[in-house]
Amino acid sequence: MERETKEFITPAGNKVVLRTYLTGKESNELKAIMYADLKINASDAAEGKVALADIPAAFMIAQESKALGFLMVSINGETNAPVAKLEELPESEYNAVLAEVQKIRVPFKQGK
């Protein structure tokens, strides 16, 4: 099944096409990247003493890259390795697309 897409124009005028949602499988893969770096002592957890410390933040970069790979369809009409093409653009362009991806990953919900 083909997913719905949306077009996003970056501040410098690059046209990016993004999928509008992650699948459950993709979401789980993103979580697995984070959970791979979590270390929990089983005996402490059994006693209710779960403290998360010394978690390397590098997993965030891996998650961002993977999310871009899942959601980015094309940049300026190019569908072959769009993430690599994005990474060659100025940081401001990369960050603009990443912000759009984050809106898809964690949509803002009004109300409750």
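Worth pointing out:
- Ranked packing of 76-83, 61-68, most packed first, by mean Cβ within 10 Å: 61-68, 76-83
- Neighbour-limited loop hits for GluC sites (Glu not before Pro), segment 1-35 (at most 15 other Cβ within 10 Å; DSSP other than H, G, I, E, B): Glu2, Glu4
- Unsatisfied cross-links (Cα-Cα over 21 Å) in the set Lys31/Lys85; Lys6/Lys31; Lys31/Lys103: Lys31/Lys85; Lys6/Lys31
- Annotation: Lys15 carries an accessible surface of approximately 80 Å², with a 1.4 Å probe and no ligand, DNA or RNA atoms counted.
The values are calculated or read from the model by the stated rules, or taken from the named source; none is laboratory data. A quick note: this is a predicted structure, and the numbers were derived from the prediction, not measured. Cβ coordinates were reconstructed from backbone atoms using ideal geometry, including for glycine residues, and neighbour counts include every protein chain displayed. When the accessible area is computed, the model is the full protein with side chains, heavy atoms only, and any ligands, DNA or RNA have been set aside. Shrake-Rupley method; radii C 1.70, N 1.55, O 1.52, S 1.80 Å.
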